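S.K.: Supplied in structure tokens, the structure appears directly below.
The values are calculated or read from the model by the stated rules, or taken from the named source; none is laboratory data. Small disclaimer: the values here were computed from a predicted structure and weren't measured. So basically every Cβ, Gly included, is an ideal-geometry build from the backbone, and we count neighbours across all protein chains shown.
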Amino acid sequence: MGDDGSVLHMALLANPEARAGRAAADLERVLGRLQDHGIRPEVLTAASPGASTEAARHAVSNGATRLLVLGGDGIMHLAAGALVDTSTVLGAIPAGTGNDFARALGLLTGNLEQRVDTALLDPAVIDAIDVEGRTALTSVIAGFPSEVNARANLMSFPKGTARYTIATLLELPRMRPAEYRIVLDGEAQDLRAAVVVVANTRFFGAGMDICPDADPTDGLLDVCIVGDAGRLELLRSFQKVKAGNHVDHPRVTMFRATEVEVGGIGRVRADGEPFGGLPVRMRATPGALMVAGASVHRGDRV
């Protein structure tokens, strides 16, 4: 029951086929934990990105007060597009490979049952990134990390950070810095860079602390630029990114802005998902989303 005595309508979105079908066991555990709480949600299963988005929209249009989402950054990203600027709360139950969204909001601690409990807590309001009408939760990336992310998503082994480490090593011989035009709140600069990251939250690449000071409640986007670095120098800087110690590197520049435009040639990825090519315009959307149990002033290094 809600505080006003109304009956809460909860839906649960999951892809049982994810992680080669292993997510089906997670779904059973989640449903068992919800039953312990006396909750029987409307179960929305989706095996494709389009189906996940439609299922989330269905939950919102059907009056769901809370949409529980089981999985990783990909399915959180798909659900968020339907939830922004609505009264439906996102209850994130992280069980993916990267989990950078959950990590940044302090939702990655405990076992799966404890994460279900967290997804039932009161929500905090967080920002999102509007990417030309589409929604991103964590970051929008271009340059070398975009290629690494694309390769990592094609790999089934190993898991977590190790997958991104191997993808980095495999992509490194092909790395070439490129020319970009970066426009920050209307002020443009041309530069040559290997890495461009526009972030709402701290982490990307399964726990690399790319924008350590990013605050998803400040109405600003944090921008990390790694300049004209060679392969060896870039590899060394990526080792520093794991702990957020790269920000003092002479090739790294950090900015903040409410609106960011990145021009040039190359592919763009948002929340690890393909988002087309450059140029791309982004803006912070303050208070776009309510996330259950989120701790907005710290992150988990899991």
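S.K.: Of the numbered conditions (1) part of a strand (DSSP E or B); (2) outside the structural domain of Asp218 (by TED's automatic domain parsing), Glu113 satisfies every one except a single condition; which is it?
M.R.: Going through the list (1) part of a strand (DSSP E or B); (2) outside the structural domain of Asp218 (by TED's automatic domain parsing), Glu113 breaks only (1).
S.K.: Regarding the range 203-217, can at least one residue be identified that is of a type in the set (Ser, Thr, Tyr) and either within 21 Å of Glu147 (Cα to Cα) or in a strand (DSSP E or B) (or both)? It would help to see each step written out before you state the result.
M.R.: Taking the range 203-217 and keeping what is of a type in the set (Ser, Thr, Tyr), we get 217.
With either within 21 Å of Glu147 (Cα to Cα) or in a strand (DSSP E or B) (or both) added as a condition, the list becomes none.
Looking through the range 203-217, none of the residues is of a type in the set (Ser, Thr, Tyr) and either within 21 Å of Glu147 (Cα to Cα) or in a strand (DSSP E or B) (or both).
S.K.: Being among the aliphatic types (A, V, I, L, M), assigned to a strand (DSSP E or B), touching a Ser or Thr at 6+ places or on another chain (Cβ under 8 Å) and outside the structural domain of Gln239 (by TED's automatic domain parsing), is that true of even one residue in the range 101-110? First the steps, then the outcome.
M.R.: Going through the range 101-110, the residues among the aliphatic types (A, V, I, L, M) turn out to be 102, 104-105, 107-108.
Pick out the ones that are also assigned to a strand (DSSP E or B) and you get none.
No: the range 101-110 contains no residue that is among the aliphatic types (A, V, I, L, M), assigned to a strand (DSSP E or B), touching a Ser or Thr at 6+ places or on another chain (Cβ under 8 Å) and outside the structural domain of Gln239 (by TED's automatic domain parsing).
S.K.: Kindly indicate whether Asp85 is among the charged types (D, E, K, R) and touching a Gly at 6+ places or on another chain (Cβ under 7 Å). First the steps, then the outcome.
M.R.: Values: among the charged types (D, E, K, R): yes; touching a Gly at 6+ places or on another chain (Cβ under 7 Å): no.
So Asp85 fails the test.
S.K.: Could you check the range 116-146 and list, in sequence order, the residues that are part of a helix (DSSP H, G or I) and surrounded by fewer than 22 Cβ atoms within 10 Å (Cβ to Cβ)?
M.R.: So the first thing to find is which residues in the range 116-146 are part of a helix (DSSP H, G or I), and the list is 116-118, 144-146.
The answer is Asp117, and nothing else.
Matching residues to (1) touching a strand residue (DSSP E or B) at 6+ places or on another chain (Cβ under 6 Å); (2) free of Cβ contacts under 8 Å to residues at least 60 places away in the same chain; (3) over 22 Å from Glu259 (Cα atoms); (4) not aromatic (Phe, Trp, Tyr):
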{"site": "Thr53", "(1), (2), (3), (4)": "no, yes, yes, yes"}
{"site": "Asn62", "(1), (2), (3), (4)": "no, yes, yes, yes"}
{"site": "Leu67", "(1), (2), (3), (4)": "yes, yes, yes, yes"}
{"site": "Pro94", "(1), (2), (3), (4)": "no, yes, yes, yes"}
{"site": "Leu121", "(1), (2), (3), (4)": "yes, no, yes, yes"}
{"site": "Val125", "(1), (2), (3), (4)": "yes, no, no, yes"}
{"site": "Val131", "(1), (2), (3), (4)": "yes, no, no, yes"}
